[in-house]
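These notes concern the structure reproduced below.
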């Protein structure tokens with residue numbers, strides 16, 4: 001984005017946004033109207049380790065990275081968006097949190113789910129960490145995505161969420177998400193997203209899957 005475009009959008013936004021706590025209107029990850037509001041997180045450092053015994057696969061990744069600015073668009077034009085550290089704490093602490101790990105935000109292509117104990121989500125020093133300790137390699141979607149993760153053909157994530165609170169900077173060039181709700185959203189393995197800082201890893205563990213939740217942050221989709 002050019003500084004001229006950013007400044008022009010901010011000036012227009014300042015004239016029409018009623019208060020700085022208002023959420024972005026028509027939030028999306030590209031200039032085109034109708035583009036999804038996804039936030040990219042690169043799945044850097046993908047690791048796969050085959051034990052040779054046909055066991056399960058372990059997946060680790062960041063669905064979003066905190067305190068890293070990335071470009072988004074609203075009704076007025078481009079702006080920088082940042083997810084605050086700890087923004088998901090309240091949502092992740094929710095009883096019976098329901099979030100699946102999916103391919104491309106397709107709810108019918110689920111690999112794991114918090115309600116079944118096959119998906120663990122937590123916040124770490126980087127952002128929202130995604131840990132699926134025991135993916136079934138016999139699952140069609142797991143067998144489809146595993147070689148692409150190993151080869152680096154797919155190396156990004158995203159997550160679907162709802163913005164609960166946030167605030168525009170005084171000059172309206174930046175929007176900071178202070179709290180989001182991920183319940184009944186998703187964390188997704190994607191081709192491209194909006195936040196380029198996240199990462200993930202897939203491996204076949206030699207020992208029993210870890211039960212301790214960790215976190216990685218990638219791409220975010222926020223509802224209106």
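The values are calculated or read from the model by the stated rules, or taken from the named source; none is laboratory data. None of the values given here were measured: they were computed from a predicted structure. Cβ: placed from backbone, ideal geometry, glycine included. Neighbour counts: every protein chain shown.
Residue 55 satisfies every condition listed in (1) touching a strand residue (DSSP E or B) at 6+ places or on another chain (Cβ under 7 Å); (2) at pLDDT below 90 except (1).
Among the residues making up region 109-134, those that are out of contact with any strand residue (DSSP E or B) (no Cβ under 8 Å at 6 or more places or on another chain) and without any contact (Cβ under 8 Å) to a residue 24 or more places away in the chain are 115, 116, 117, 125. Could you figure out which of (1) assigned to a strand (DSSP E or B); (2) under 15 Å from the mean Cα position of the chain (by Cα) isn't true of residue 112? Condition not satisfied by residue 112: (2).
The residues of region 1-37 that are exposed (fewer than 13 other Cβ atoms within 10 Å of the Cβ) and assigned to a helix (DSSP H, G or I), listed by number, are 3, 4, 5, 15, 16.
When region 119-140 is limited to residues that are surrounded by fewer than 20 Cβ atoms within 10 Å (Cβ to Cβ) and over 21 Å from residue 150 (Cα atoms), the one that is modelled with the highest pLDDT turns out to be 122.
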